[in-house]
Amino acid sequence: MITRYLPLLAASLRRKRLRTFFTLASIAVAFLLYGLADSMRHALQSGVDVAGADRLITMHKVSFTQLVPQSYENRIRAIDGVIEVTPQTWFGAWYRDERNQIPAFPAKPEAFLRMYAEYQIPEEQKQAWIADRSGILIGRALADLYGWKVGDKVPLRSAIWRQQDGSDAWDVTVRAIFDLPSGGDTRNIILHQDYFEEAKSVGKGLIGWYLVQIDDPNRAATVSRQIDVLFANSPAETKTSSERAMAQSFVNQVGNIGKILGAIVTAVFFTMLLVTANTMAQSVRERTNEIGVLKTLGFTNAGVLGMVLAESVLVTVIGGAIGLAAAWWLGVQFEPVFRQYLPGFQVPRDAIAMGVVYMFALGLVAGAVPAAQAMRLRIVEALRRD
């Protein structure tokens, strides 16, 4: 239908070029905001989506900043259904500048690699990391960000942990780089737990939390209760939840992203609906005589209805396409910057698909009333108006 009326539609859009420009710009900005907002939702949610359903996190009941004893490990490992355990601690790492915070965690290499089988690491690098107590495993995004390569010595510093000589500098060597083919955060650093435990000056025998792998994800709630009951009434009571639930809780601290996105989209698109509907109504009023002439030349009421709706849809599709393309371009151009804070920041495919649906829906709804008025317009009344 749009192809059939394309010459007429082009002429109509050129009639008031400034008005057309501002209408397109408004729609483009609306879809730009939509694309960026959904990119943020995707970035925050991606960490939740890749979290393992068979992995639990056991931490202090008060907060993950409170430490728990290392002696808990063997007791957790003895629980029925637990197949692997490794301690972890927030290292508070930074590089060059304290603003360059890096997620870094000491862990037991062999246990960690068995639990995170999705980590893609060349076998020789994997063995080199296991063999070097001061070696580290880093993610591909982190390697690309700082230009680190296997074999590089990195002067990693910690805002929390100092070595026994009082220094906050930890000399480590990059021994392996991992990739995540399914997406997710690859900015992490994994250190050796033994190296960390021996070198740190305080907190001996204490760790931040435990990663626990179970044999059946359906028993996650049961195993979690067993772990917490085991340490009930102890000086360091625990709280155990699934890795996915923990990741979701961190996302929820930012707010309910789905509701925030929905509110933004609703408010922006409702405003654009009013703007587009007003533009189409003005366009139809200005062309009343032309519509009368078209009807005298044989255009049916359905044809006039389709022409006005096609014009409305064309405006929203052009503006929406520009806005989504701009959101995608920003994600590509600033990906190195966004990667440090929001890995996975990009306009997802489902958002693009929904964006196309919104474009057509917005165009049809905005043009419905003006199109109906044009369809009902009688030839005599149309030609009589100046």
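Since every read-out is calculated from the coordinates, none of them should be taken as a lab result. It should be emphasised that the depicted structure is a prediction, and the values quoted were computed from it without experimental measurement. Backbone-built Cβ (ideal geometry, glycine too); neighbour counts: all protein chains shown.
What the Cβ-Cβ distance of Glu110 and Lys204 gives, at R0 = 25 Å and to the nearest 0.05, is a FRET efficiency of 0.65. Remark: segment 196-205, residue by residue, has Karplus-estimated 3J(HN,Hα) of 5, 5, 6, 8, 5, 8, 10, x, 4, x Hz, where x stands for each Gly or Pro and the curve is 6.51 cos²θ - 1.76 cosθ + 1.60 at θ = phi - 60°.
Here the extension length gained between Arg17 and Ala236 equals 71.8 nm, from 0.36 nm per residue of separation less the Cα-Cα distance. The HN-Hα couplings worked out from phi for segment 357-363 by the Karplus form 6.51 cos²θ - 1.76 cosθ + 1.60 (θ = phi - 60°) are 4, 4, 4, 5, 5, 4, x Hz, whole numbers, x standing for Gly and Pro.
Given a Förster distance of 45 angstrom, what is the FRET efficiency for Val356 paired with Lys61, based on the Cβ-Cβ distance and rounded to 0.05? Present the calculation step by step, with values, prior to reporting the outcome.
Numbers: r = 48 Å, r/R0 = 1.06.
So the FRET efficiency works out to roughly 0.40.
By how many nm would the segment from Ala78 to Asp194 lengthen if fully extended, with 0.36 nm per residue of separation less the alpha-carbon distance? Don't skip to the end; give the middle numbers.
Details: separation 116, 0.36 × 116 = 41.76 nm, distance 2.15 nm.
Gain in length upon complete extension: 39.6 nm.
Expressed as a whole percent, the proportion of Cα-Cα pairs in segment 179-220 lying more than 11 Å apart is 78%.
Taking 10 °C and 1.306 mPa s as the conditions, I'd like the Stokes-Einstein D for segment 145-230 in µm²/s, using the Kirkwood hydrodynamic radius from alpha carbon pairs. Rounded, D is 97 µm²/s.
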